[in-house]
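The values are calculated or read from the model by the stated rules, or taken from the named source; none is laboratory data. None of the values given here were measured: they were computed from a predicted structure. Here the Cβ is made from the backbone with ideal geometry for all residues, glycine too, and neighbour counts use every protein chain on show.
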């Protein structure tokens, strides 16, 4: 992956469909994964990836703080799309964390520890165990300042080829995609590590 010309690849892929981008990435991948937390519009990347490779590994890092609606949505997608899910959860229970620190605000010194426990440690554990070389995500331009600085393909801080097939898609375009494919969406997702929607969660920066 180190020898890829990322700038040229992004130029070449910009006019391609998500299916074409995914097929290209899979053609050079030895051990690809797609990650999800079942937030709004995640169904698009899950559907697009599994239509190309129905056995693609799906890494679900569950913070333990999802809403009942998000868990129901996740279970529906796992069943209807027949997702090959590998579930990762924090080593500490939500009940224990609630009793010892609650959900710290962003300016609380405990927030860093909280984020490490519920998001970074499970994610890093998943990456160590699966050792992917290609990582599909549903990152899109405009979500955060960092995400607007990358492109369809980029190299992660750990050296993985990160592929975002819907990078230039708007919410309206994704709404149309979901309607055309008869796919559900769910908007009550809760991320306890973020206070603002446009704050980077730590996995991608």
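A few comments on the model shown:
- For the range 82-138, filtering for residues that are without any contact (Cβ under 8 Å) to a residue 24 or more places away in the chain and in a strand (DSSP E or B) leaves 0.
- Taking the range 1-47 as the range and being in a loop (DSSP other than H, G, I, E, B) and surrounded by 13 or more Cβ atoms within 10 Å (Cβ to Cβ) as the test, the residues that pass are 1, 16, 29, 37, 38, 39, 40, 41.
- Any hit, the range 185-199, residues being more than 18 Å from residue 118 (Cβ to Cβ) and at pLDDT 95 or above: yes
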